[in-house]
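Data first, discussion second: the structure below is written as structure tokens.
The values are calculated or read from the model by the stated rules, or taken from the named source; none is laboratory data. The shown structure was predicted, so the numbers you read here are calculated from the model rather than taken from an experiment. Heads up, the Cβs are rebuilt from the backbone with ideal geometry, glycines too, and the neighbour counts pull from every protein chain shown. Protein only, heavy atoms only, side chains kept; ligands, DNA and RNA dropped before computing areas. Shrake-Rupley method; radii C 1.70, N 1.55, O 1.52, S 1.80 Å.
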Number of protein chains: 2
Amino acid sequence: MAIIVQKYGGTSVGSVERIEHVAGRVAKTVAQGHQVVVVVSAMGKTTDQLVKLASEISDKPSKREMDMLLTTGEQITISLLAMALQKRGLGATSYTGWQAGIVTEDSHSNARILDIQTEKIQSQLSLGNVVIVAGFQGATHDGEITTLGRGGSDTTAVALAAALKADRCDIYTDVTGVYTTDPRFISGARKLHSISYDEMLEMANLGAGVLHPRAVEFAKNYQVKLMVASSMVEEVGTLIEEEVSMEQNLIVRGIAFENDVTKITVSGLPNQIETLSNVFSLLSEHGINVDIIIQNQTAEEKTSISFSTSRSSLEEALEVLDNHKEQLQFTELTHEGDLAKVSIIGSGMVSNPGVAAQMFKILAENEILIKMVSTSEIKVSALVEEEIMVPAVEALHRAFQLEEQEVTV
Amino acid sequence: MAIIVQKYGGTSVGSVERIEHVAGRVAKTVAQGHQVVVVVSAMGKTTDQLVKLASEISDKPSKREMDMLLTTGEQITISLLAMALQKRGLGATSYTGWQAGIVTEDSHSNARILDIQTEKIQSQLSLGNVVIVAGFQGATHDGEITTLGRGGSDTTAVALAAALKADRCDIYTDVTGVYTTDPRFISGARKLHSISYDEMLEMANLGAGVLHPRAVEFAKNYQVKLMVASSMVEEVGTLIEEEVSMEQNLIVRGIAFENDVTKITVSGLPNQIETLSNVFSLLSEHGINVDIIIQNQTAEEKTSISFSTSRSSLEEALEVLDNHKEQLQFTELTHEGDLAKVSIIGSGMVSNPGVAAQMFKILAENEILIKMVSTSEIKVSALVEEEIMVPAVEALHRAFQLEEQEVTV
């Protein structure tokens, strides 16, 4: 008998009808002879409504009280889902985060999980009951209610799967799996049968919003086998696990992309050892996130630094730099908007040094100018003009043969 | 420095505006130099909305899961009130029932409080913080979330006041205090300055819905000084305490009344020792609540029993009795509807045996026929025709001089 952890997000439990539907899926898994632990988020717009209530009271509510407020959202869902399962004749017990033994650090709104005391859950499972756990929340050793921040419910599910040594952790969401690229924009996008943790991490970090990177990292650290699938459609999803041996021949597994990227260049900087640190410490102090950074180190007296940032940060970044022109000793500040970042991802790249070159060649053949490049062991990102983002992705998707049918294990 | 427990009901915290108003009142009490613990109910219609959600899922939701669901209501209010107080610059910490150390018996939907572990609350108070506790809820020793059933938030407040040895427990509600009779119907009704626990108990049990009898009993057992006042109007309320010495000359302190009363008479019953028990065990097994019972015990072979019950129970009571006619061996079943119960209450009655007689005389002088009578140490109840209920109350209110200005202590 295997333990399966299933996680259903806010849209999947957004109404009484959807909760009934989830109950049906859980019942099916139980009927297959599994012990099931279900993690749920707050119903659809509940969290937004609670945030609105708080904002009507205070424009700066304390994090502790926000945690007290928001954790009611998941508690409502767990009890309703338990009722729906009981109506189907199944034993079901709901637990808030603290009841489920999820112990977090003493920090509000973004706490990390320290430990999960699984005795209660395990005793309920051994009684044949489904256990339903409120996602996104836990409590400190002192009984202070905490929330886990962004990606919290995914993280709850993965952490529970690790602590319970579950056979699998299924993340049910509003997409049917992980795709080679975003199917909303690229018609040839194909669902992946499986993908490695590292590849998924890059995909997640590059804006493929299926799974939160934090949950993927957790899964990687504890070797939790993840499955991403749709809560609406009965369809095999994408498996995320360590080794994807049968597909090693596929060097590039997916293509991520995002628009609203801008590039800033700071020229005439002193060519000194602390220049890079000075510029980015300053930006960091002002909360400006920077993505790709390029410095072309030469033997000359002056140097220049380019970096990319989101469109929403552009104005503040320019202002902050301009205000510190004397301190940083640069001569010129230029910027370029309307850019996009296109990234190819695949763990096979490590052993195939020519992949980046291949990407540049494909883009060049399609007359797409690369503004900036960044590489890691398993991805290559290129900044291009925003208006040719989709054609660029299409060209790469085609050239790397991602449209072709995948080998199934 | 005194500890004051304040309780605000659902209407008093029914909107963001009303929560702000409550925060203002709490701040005022703090400014007077008191340590304040606030108990709140769920906002206005929240509980109804949650019950509706559950009913859409299941027509028989388990009590455990209903407790999980409903306790979110108060948790929302406590966090919002804490935010509102923090905005005013006050230190404030909200606690759910289990966080506040409220330990209950292992029973859902109607649990009794076993113990309150006050360490957390006390340490917050000594830091100068207002503590806000979710009413109506607690948890078992095993961490199962429970609710306290009807009158639960009042009971939470009184129990906290007892455990913290508070100087006073203020119950803020939508009326300005306890009245000699219901001011919505009787124009001469006057607010009482103070009333004893026993008198309040009788008033509460007789439909003066200001305070739940359970909370009054708790207050009596632990000698908690209660104050009932309005959350909306700045006005001195009614104090409920053991001795009301200055007012002992007032024999009758209040008049309660309720309509929708019916009377059933079972005639021709065998005059045996077990007859009374047989009839009322049967009714009790069918969940029929009976109020006043009269049996005129004579030496005859046959006897009859009369009792009063609510209009809503009449039909079922008649049916149950009729179905057991042979078993109970009675000959006739009659009933009378459209009745009302009028009760005079006052702890001074104990030492004034003539009070009941005085009541009958007043009613007789007003040509009001008494259908049935019941007495206790501190009250006399009489059943009368429903249509003359208000005139009967008015006559008694006048004759017992309840309209006159009360002596203030």
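Which residues, taken from segment B:74-91, are within 8 Å of chain A (Cβ to nearest Cβ) and touching a Leu at 6+ places or on another chain (Cβ under 7 Å)? Show your work before the answer.
Just the residues of segment B:74-91 that are within 8 Å of chain A (Cβ to nearest Cβ), to begin with: B:75-76, B:78-80, B:82-84, B:86-87.
If the condition is that a residue be within 8 Å of chain A (Cβ to nearest Cβ) and touching a Leu at 6+ places or on another chain (Cβ under 7 Å), then B:ILE76, B:SER79, B:LEU80 are the ones that fit.
If only one of A:GLU332, A:GLU336 is touching a residue at least 40 places away in the same chain (Cβ under 8 Å) and closer than 27 Å to A:ILE388 by Cα, which one is it?
From the options A:GLU332, A:GLU336, the qualifying one is A:GLU336.
Among the listed residues A:ASP291, A:ASP260, which satisfies the condition of being assigned to a strand (DSSP E or B), under 26 Å from the mean Cα position of the chain (by Cα) and touching a residue at least 40 places away in the same chain (Cβ under 8 Å)? Full working, then the answer.
Working: A:ASP291 fails: assigned to a strand (DSSP E or B).
Being assigned to a strand (DSSP E or B), under 26 Å from the mean Cα position of the chain (by Cα) and touching a residue at least 40 places away in the same chain (Cβ under 8 Å) holds for just one of A:ASP291, A:ASP260, which is A:ASP260.
When the residues of segment A:127-150 are narrowed to those that are surrounded by fewer than 19 Cβ atoms within 10 Å (Cβ to Cβ) and over 17 Å from A:VAL26 (Cα atoms), which ends up nearest to the other protein chains (Cβ to nearest Cβ)?
Residue satisfying both the conditions and the ranking: A:GLY143.
From the list B:GLU316, B:GLU377, B:GLU301, B:GLU403, exactly one residue is at pLDDT 85 or above and open to solvent by 50 Å² or more (accessible area, probe 1.4 Å). Which is it?
Answer to the check: B:GLU316.
Would you confirm, using the coordinates I've provided, whether B:ILE186 is in a loop (DSSP other than H, G, I, E, B) and under 24 Å from B:GLY348 (Cα atoms)?
yes
When you look at A:ALA2, is it among the small types (Gly, Ala, Ser), within 12 Å of another protein chain (Cβ to nearest Cβ), farther than 23 Å from A:VAL210 by Cα and touching a strand residue (DSSP E or B) at 6+ places or on another chain (Cβ under 8 Å), yes or no?
Here the answer is no, as A:ALA2 does not meet what is asked.
A:ILE370 - would you say it is in contact with a Gly (Cβ under 8 Å, 6 or more places away or on another chain) and modelled with pLDDT under 90?
Considered against the rule, which asks whether it is in contact with a Gly (Cβ under 8 Å, 6 or more places away or on another chain) and modelled with pLDDT under 90, A:ILE370 comes out as no.
For segment A:264-288, enumerate the residues that are at positive phi and free of Cβ contacts under 8 Å to residues at least 24 places away in the same chain.
Residue satisfying the conditions is A:GLY287 alone.
Which of (1) within 26 Å of the chain's Cα centre (by Cα); (2) within 12 Å of chain B (Cβ to nearest Cβ); (3) touching a residue at least 12 places away in the same chain (Cβ under 8 Å) does A:LYS52 not meet, given it meets every other one?
That leaves (3) as the condition not met.
Does segment B:58-69 hold any residues that are among the aliphatic types (A, V, I, L, M) and buried (at least 24 other Cβ atoms within 10 Å of the Cβ), and which are they?
B:MET68, B:LEU69
Scan (1) modelled with pLDDT of 95 or more; (2) at the interface with chain A (Cβ under 9 Å from one of its Cβ atoms) for the single condition B:VAL22 breaks and write down its number.
(2)
Looking at this structure, is B:GLY97 more than 10 Å from every other protein chain (Cβ to nearest Cβ), under 25 Å from B:LYS220 (Cβ atoms), within 27 Å of the chain's Cα centre (by Cα) and surrounded by 24 or more Cβ atoms within 10 Å (Cβ to Cβ)?
yes
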